[in-house]
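Enquirer: Here you go, one structure.
The values are calculated or read from the model by the stated rules, or taken from the named source; none is laboratory data. The structure displayed is predicted, hence computed values, not measured ones. Cβ placement follows ideal geometry from the backbone for every residue including glycine, while neighbour counts extend to all protein chains displayed. These area figures cover heavy atoms from the full protein model, side chains too; ligands, DNA and RNA do not enter into them. Shrake-Rupley method; radii C 1.70, N 1.55, O 1.52, S 1.80 Å.
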Amino acid sequence: MPPDERGQAVKRIAVTMGDPAGIGPELCLRLLQDTDVTALAAPIVFGDAGVLRRVARQCGLAEPALVVEWNAWRQNGRDLRQPAVLDLRAIDAGEVRPGQVDAATGRASYRYVEAAIAAALAGTVDAVATGPIHKEALHAAGIPFPGHTEIFAAQTGADRWCMMLTSREITCSLVTTHIGYGDVPGRLSAERILEVIELTAEAMGRIRGKPARLIVCGLNPHAGEHGLFGDGEEERLIAPAVDAARRRGIDVRGPLPPDTAFLPQHRQATDAFVCMYHDQGLIPLKALAFDTAVNVTLGLPIVRTSVDHGTALDIAWSGRAAATSLVQAVLLAARLASA
């Protein structure tokens, strides 16, 4: 097994191809040729070789050098330590319509994820980095999950988990994820908020190598203005969770008003923000680090990272997609798998 620059075995990172009709195949082709990645990790694309070859020809990219048939790899227990494609043959490449939402591509993207999770749980890969899937295509395929995070939590049997997006500029964890705004208050509890604080502190300690400094955002404008706005969520739920985290030795402040929590002076003195709902965290994160942020699912028995963007159907198979976020996701997965 070839060692990396620290003398450790190169980490095998399962990379799911994402929705075949989106930019995922192009990102995977670029990833397989990225020498910064292949010097430190062995990206193994869980996808369809036929789709990748078709996209490579259309975009003028190199075709995969090593393709291994999925059943042969699974039966023989082949230990891949070099960039490769595991061909799951989940969809006929000729039937894929780039840029179109389709139940067939949603079903295929779910198959890649399912196989990668099974491989990680079995120890045949060291971590998983996921390409973008399309929620509408998943729904059309009858798959009852709103996104990757929920799939991983369910299939790994995680008791507690949360979504965190991290970058050099800003890191945000989410107490609630893919639900409507009207449902957010009913999903909040002091126990859940404390859980996300603890998961975030532990993860950032691993990533930064030192105790994390956290800020917890309020739910309502001005963090409720002492009960003037909202239903007292700050006083009833968020503040008690922050107090409990402090008693457990976590360096945490809050609840802070969401409209000022992300100011530069706060970002400079903070390792991560705990946010009450999806857009509260993702709006500042994508404004500051859209191309470089990485999505991490905390609390799982396996390491899982992901791109922080969607399928970009409008530019699918055009040769214009940048693989920056996927590259960062694979590098972080390898780092976390080594920690």
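Enquirer: Per residue, how much space in cubic angstrom lies within the convex hull of the C-alpha atoms of segment 123-195?
Expert: Per residue, the Cα convex hull of segment 123-195 comes to 159 Å³.
Enquirer: In percent, how large is the relative contact order of the chain, given Cα pairs closer than 8 Å and 6 or more residues apart? Please report the intermediate quantities before stating the final value.
Expert: Working: 740 pairs, mean separation 79.3, N = 339.
Once divided by the residue count of the chain, the mean separation gives 23 percent.
Enquirer: I'd like the antiparallel share, as a percent to the nearest 5, of DSSP beta bridges with both residues in the chain.
Expert: Numbers: 13 of 43 bridges.
Roughly 30 percent of the DSSP beta bridges within the chain come out antiparallel.
Enquirer: Would you please report the Å³ per residue occupied by the convex hull of the alpha carbon atoms in segment 1-106?
Expert: Per-residue hull volume (Cα only) is 92 Å³.
Enquirer: How much of the accessible area of the chain, in percent, comes from carbon and sulfur atoms when a 1.4 Å probe is used?
Expert: Carbon and sulfur together cover 48 percent of it.
Enquirer: With a ≥ b ≥ c taken as the square roots of the eigenvalues of the C-alpha gyration tensor of segment 179-302, please select rounded if a/c is under 1.5 and otherwise prolate if a/b is larger than b/c or oblate if it is not?
Expert: rounded
Enquirer: Now, a different point. Fully extended, how many nm does the chain gain between Q100 and Q75 (0.36 nm per residue separation, minus their Cα-Cα distance)?
Expert: The Q100-Q75 span can extend by a further 5.6 nm.
Enquirer: Related question: Hey, got a sec? Which trypsin sites (Lys or Arg not before Pro) in segment 141-203 land in a DSSP loop and have at most 13 other Cβ atoms within 10 Å?
Expert: Numbers: sites: R160, R168, R187, R192; in loops: R160, R168.
Of the trypsin sites (Lys or Arg not before Pro), the ones in loops of segment 141-203 whose Cβ has at most 13 other Cβ atoms within 10 Å are R168.
Enquirer: How many percent of the alpha carbon pairs in the chain exceed a separation of 37 Å?
Expert: So the pairs more than 37 Å apart make up 19 percent of the total in the chain.
Enquirer: For segment 256-330, what's the relative contact order in percent, using C-alpha pairs closer than 8 Å and at least 6 residues apart? Walk me through the numbers on the way to the answer.
Expert: Details: 49 pairs, mean separation 18.9, N = 75.
Contact order relative to length: 25 percent.
Enquirer: Mind checking the alpha-carbon convex hull of segment 103-155 and giving the volume per residue in Å³? Mind dumping the intermediate values first?
Expert: Numbers: hull volume 3.5 nm³, N = 53.
Taking only Cα atoms, segment 103-155 has a hull volume of 66 Å³ per residue.
Enquirer: Identify the trypsin sites (Lys or Arg not before Pro) of segment 286-339 meeting these criteria: DSSP loop state and at most 16 other C-beta atoms within 10 Å of the C-beta.
Expert: On the way: sites: K286, R304, R320, R335; in loops: R320.
For trypsin sites (Lys or Arg not before Pro) across segment 286-339 that sit outside H, G, I, E and B with at most 16 neighbouring Cβ atoms in 10 Å, the list reads R320.
Enquirer: Please report the antiparallel percentage of the DSSP beta bridges confined to segment 208-309, to the nearest 5.
Expert: 30 percent
Enquirer: Take the Cα radius of gyration of segment 133-243 and divide it by 2.2 N^0.38 Å, with N its residue count; two decimals is plenty.
Expert: Details: Rg = 15.8 Å, N = 111, 2.2 N^0.38 = 13.2 Å.
Cα Rg divided by the expected 2.2 N^0.38 Å: 1.20.
Enquirer: Distance between the C-alpha centers of segment 64-86 and segment 211-266? Whole Å please.
Expert: Between the Cα centre of segment 64-86 and that of segment 211-266, the gap is 47 Å.
Enquirer: Taking amide H atoms as placed 1.01 Å from N in the peptide plane, list the residues 5 or more away in sequence, or in a different chain, whose amide H sits under 5 Å from that of A212.
Expert: Close amide H contacts, sequence-distant or interchain: G205.
Enquirer: May I pose another question? What is the projected area of the convex hull of the Cα atoms of segment 20-64, averaged over all directions, in nm²?
Expert: 3.0 nm²
Enquirer: Where does the chain land at 222 nm, in deg cm²/dmol rounded to the nearest 500, when only DSSP H runs of n ≥ 4 count, each adding -39500 (n - 2.57), divided by all residues?
Expert: Taking each H run of at least 4 residues, the total per residue is -11500 deg cm²/dmol.
Enquirer: Tell me, what is the percent relative contact order of segment 203-257, built from C-alpha pairs under 8 Å that lie six or more residues apart?
Expert: 44 percent
Enquirer: With only Lys, Arg, Asp and Glu charged, each at its Cβ (+1 for the first two, -1 for the last two), find how big the charge dipole of the chain is about the Cα centre; round to the nearest 20 debye.
Expert: Value, rounded to 20: 820 debye.
Enquirer: Which value does Rg/Rh take for segment 229-339 over its C-alpha atoms, Rh per Kirkwood?
Expert: 1.03
Enquirer: Give me the distance in nm between label points sitting 7 Å out from Cα along the Cα-to-Cβ direction at Q268 and I315, one decimal.
Expert: Simple spin-label model gives 3.3 nm for this pair.
Enquirer: If you average the C-alpha positions of segment 186-206 and of segment 287-329 separately, how far apart do those two centres end up, in angstrom?
Expert: For segment 186-206 versus segment 287-329, the Cα centre distance is 23 Å.
Enquirer: Could I ask something else about it? Charges at C-beta only: +1 for Lys and Arg, -1 for Asp and Glu. How large is the resulting dipole of segment 3-105 about its Cα centre, in Debye rounded to 20?
Expert: Here segment 3-105 has a charge dipole of around 200 debye.
Enquirer: Out of all Cα-Cα pairs in segment 30-188, roughly what percent, to the nearest whole number, are more than 23 Å apart?
Expert: Of all Cα-Cα pairs in segment 30-188, 47 percent lie more than 23 Å apart.
Enquirer: Give me the percent of DSSP beta bridges within segment 1-140 that run antiparallel, rounded to the nearest 5.
Expert: DSSP beta bridges in segment 1-140 are roughly 5 percent antiparallel.
Enquirer: A further question follows. Any idea how far apart E63 and Y181 come out in nm if each label point goes 7 Å out from Cα toward Cβ?
Expert: Modelled inter-label distance: 5.0 nm.
Enquirer: I would also like to ask the following. Using a basic spin-label model with each label point 7 Å from the Cα along Cα→Cβ, how many nm lie between D259 and A190?
Expert: For D259 paired with A190, the spin-label model returns 2.9 nm.
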